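Participant: I have a structure here, written as structure tokens, and I will follow up with some questions on it.
Any read-out appearing in this document is the output of simple, stated calculations on the displayed coordinates, not a laboratory observation. This structure is a prediction, so every number in the text was calculated from the model and none was measured. Backbone-built Cβ (ideal geometry, glycine too); neighbour counts: all protein chains shown.
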């Protein structure tokens, strides 16, 4: 489903990724780990078309991501749910509206929006807080809203870029459990993290990056900081 | 507020340019209507010679009409004009003979053809009979007026272009600021798969509203000014009814303004949002 083939990425002379090659199949749960600056976020940006590879090819299903034009990217992004460390929620909207927004921009009818949003808010256990504004929520709850928004389009894959970076261990663990549950329901998960405890407790596939290169790619891998 | 003011100024100058064009064209037409070439003959010029010259002029392609005013007719007209001035009437009577000369008033099909007619009159040795040709004096005035109108038109067009550029820059910066303050919202829209049109929409509408509001305000400013200057203008150009022209063409003028204002608004917002939609 996702294929990075000899991908390199260059920012003003700095090599963020060097000849990176990997494949991710449907329903996999893959952790991409490494220190800050190792190239984890660059992989996320390349996958959602935020960046174009300097060399190599990134494909997602039938999309050749690096060759998509600006007007074609929205279609791709409706297949990929994204979750970020800083939540990226709209403070002027309440929980329901933040989640519904992802369907509104896709032009979905009101009834469908209402049904899907309620369903996904129940999944993340925020049904009772649908009318709360973002400022009224804890960090863990904000991240669950972001997960709900990522899931509401029923994407093929959810990309979580350091989703536990701003959370305490209890909430971090709750978010990982929620992502695992979503994966078990059939959605592919790509998790980037530099938190070895979280990655190691899952016992899933781990890709380790160092200075823009893949140094390890193992099923049930372990991440140990050198 | 600053955005609306600059757009309003640009629109007022744009409308003034349109109105100036109408007034200038009307003034030029009105003056050109009065142009003719008058050939005044010496008092001893035989009438059949004058009529021969008249016929030869009528054969020219450029000539629309030639009016012959005989010495007697000229005297009659002179007396009529000074009917109430006893001194002049008495003076003419005391002269005992007609002091006025016969003349030909020549009108051309096109004002630009007068120079050809004048050159015809110069190149046909008519000095023996002709006292003077009045064309040259008129031409200086007409050329000068045409030149002033032309320069004013260019200056107005230049000012409109400059103000339109200023208006585009100001609207561009206003919308850029609005985009910057909502950059996180735009980033989220892009992440959840909003189309470029969905993101652009509100900013294009903002530019559109600036255009519509400034076009309405500009009409509200221009209308009283037109009504104020119209009677004064009529004194100089009797055939010109500016207020009437304005009211007859109010929808066309408003459409031009709307097109100009909305064009500036939309172009500015499209340029401003473009850089945020590149990735």
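Participant: Out of (1) touching a residue at least 24 places away in the same chain (Cβ under 8 Å); (2) touching a helix residue (DSSP H, G or I) at 6+ places or on another chain (Cβ under 9 Å); (3) assigned to a helix (DSSP H, G or I), what's the single condition that is false for residue A:49?
Facilitator: Looking at each condition in turn, residue A:49 falls short on (3).
Participant: Quick check, is residue A:30 closer than 28 Å to residue B:276 by Cα and in contact with a strand residue (DSSP E or B) (Cβ under 9 Å, 6 or more places away or on another chain)? Steps first, answer last, please.
Facilitator: Numbers: closer than 28 Å to residue B:276 by Cα: no; in contact with a strand residue (DSSP E or B) (Cβ under 9 Å, 6 or more places away or on another chain): yes.
In short, no.
Participant: Could you run through the stretch A:40-66 and say how many residues are closer than 27 Å to residue A:211 by Cα and within 14 Å of chain B (Cβ to nearest Cβ)?
Facilitator: So in the stretch A:40-66, the residues closer than 27 Å to residue A:211 by Cα come out as A:40-60, A:64-66.
From what's left, within 14 Å of chain B (Cβ to nearest Cβ): A:41-42, A:44-53, A:60, A:65-66.
So the answer is 15.
Participant: Test residue B:6 against the criterion of being touching a strand residue (DSSP E or B) at 6+ places or on another chain (Cβ under 8 Å) and crowded, with 19+ Cβ neighbours inside 10 Å, and give yes or no. Spell out how you get there, then give the answer.
Facilitator: Details: touching a strand residue (DSSP E or B) at 6+ places or on another chain (Cβ under 8 Å): no; crowded, with 19+ Cβ neighbours inside 10 Å: yes.
In short, no.
Participant: Could you tell me which of the residues A:82, A:21 is in contact (Cβ under 8 Å) with a residue 40 or more places away in the chain, assigned to a strand (DSSP E or B), surrounded by fewer than 20 Cβ atoms within 10 Å (Cβ to Cβ) and in contact with a strand residue (DSSP E or B) (Cβ under 8 Å, 6 or more places away or on another chain)?
Facilitator: Values: A:82 fails: surrounded by fewer than 20 Cβ atoms within 10 Å (Cβ to Cβ).
Going through A:82, A:21 in turn, the sole match is A:21.
Participant: Among the residues of the stretch B:89-107, what is the count of those that are out of contact with any strand residue (DSSP E or B) (no Cβ under 6 Å at 6 or more places or on another chain) and within 30 Å of residue B:140 (Cβ to Cβ)? Walk me through it before giving the result.
Facilitator: The first filter runs over the stretch B:89-107 and keeps only residues out of contact with any strand residue (DSSP E or B) (no Cβ under 6 Å at 6 or more places or on another chain), leaving B:89-100.
Going one step further and asking which of them are within 30 Å of residue B:140 (Cβ to Cβ), we end up with B:99-100.
So the count comes out to 2.
Participant: Need at least 2 residues that are under 25 Å from residue B:273 (Cβ atoms) and more than 38 Å from the chain's Cα centre (by Cα) per element, so show me which helices (runs of 4 or more DSSP H) inside the stretch B:165-256 make the cut, counting only ones lying wholly within it.
Facilitator: On the way: elements: B:183-191, B:196-236, B:242-248.
In the stretch B:165-256, the matching helices (runs of 4 or more DSSP H) lie at B:183-191, B:196-236.
Participant: Here's something else I'd like to know. Of all residues being crowded, with 18+ Cβ neighbours inside 10 Å and assigned to a loop (DSSP other than H, G, I, E, B) in the stretch A:91-107, which is farthest from the other protein chains (Cβ to nearest Cβ)? Just the residue, please.
Facilitator: A:106
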